[in-house]
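Everything on this sheet refers to the single structure shown next.
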Amino acid sequence: MTAVVVTDYDRAAPRGVGNVKVAGNYAADLLPNMEFKKKGYPIALYLDSKTNNYIEEFSTSNFLAIDKMNRYVTPLSDAILESVTNKSLMELAMDEGYEVQRRPVLLEELMNGSFVEAAACGTAVVVTPVNKIGTYVVLDVFYSIYVGDNNLILKKLINI
């Protein structure tokens, strides 16, 4: 699946209720979601609304990635809704001997190719691999970041 980084809209505000499962949290995604789906992108990746430098989460699910050192990386932010699916995957990863990093994740890490696997995870999407994530920079030109599509570690965790 191909995702797009949202730079013109915010999903949750600092000191808001982005970390609580309330209907209002999904409302902020309605317009951008429609716009990007028309352009062929089924899922959007939101950044922190304060600096637009840190990855937070996808429209309706958590972001996770596997880096080049085979570490399981997922964002830590007060604006992210906790995910039972993500917590379960983190536990499985640790049980399998992978280092788990729950920390602020810079967009720059994604842009510079630090991740070899990426996925959206949550109740509705379970674990959905994302092989390309891109952003519109100038004049609607889409710059794509290839993440990878072998998903060896994600497949292993899903099949446990």
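Looking at the stretch 47-55, is at least one residue part of a loop (DSSP other than H, G, I, E, B) and not polar (S, T, N, Q)?
Checking the stretch 47-55: at least one residue is part of a loop (DSSP other than H, G, I, E, B) and not polar (S, T, N, Q).
Looking only at residues that are among the aliphatic types (A, V, I, L, M) and buried (at least 18 other Cβ atoms within 10 Å of the Cβ) in the stretch 85-115, which one is farthest from the chain's Cα centre (by Cα)?
Checked the stretch 85-115; the qualifying residue farthest from the chain's Cα centre (by Cα) is ALA93.
State yes or no: is PHE36 out of contact with any helix residue (DSSP H, G or I) (no Cβ under 8 Å at 6 or more places or on another chain), closer than 21 Å to ALA124 by Cα and modelled with pLDDT of 90 or more?
no
Output the residue which, of all residues in the stretch 50-76 that are touching a Cys at 6+ places or on another chain (Cβ under 9 Å) and either surrounded by fewer than 24 Cβ atoms within 10 Å (Cβ to Cβ) or among the polar types (S, T, N, Q) (or both), is modelled with the highest pLDDT.
Going through the qualifying residues, I end up with THR74.
Here is a check on your reading of the model: is TYR41 part of a helix (DSSP H, G or I) and modelled with pLDDT under 90?
Answer is no for this residue.
Return yes or no: is ALA13 within 17 Å of ILE55 (Cα to Cα) and at pLDDT 70 or above?
The answer is no for ALA13.
The values are calculated or read from the model by the stated rules, or taken from the named source; none is laboratory data. Quick caveat, the model's predicted, so the values are computed rather than measured. Positions of Cβ are backbone-derived with ideal geometry, glycine not excepted, and every protein chain shown enters the neighbour counts.
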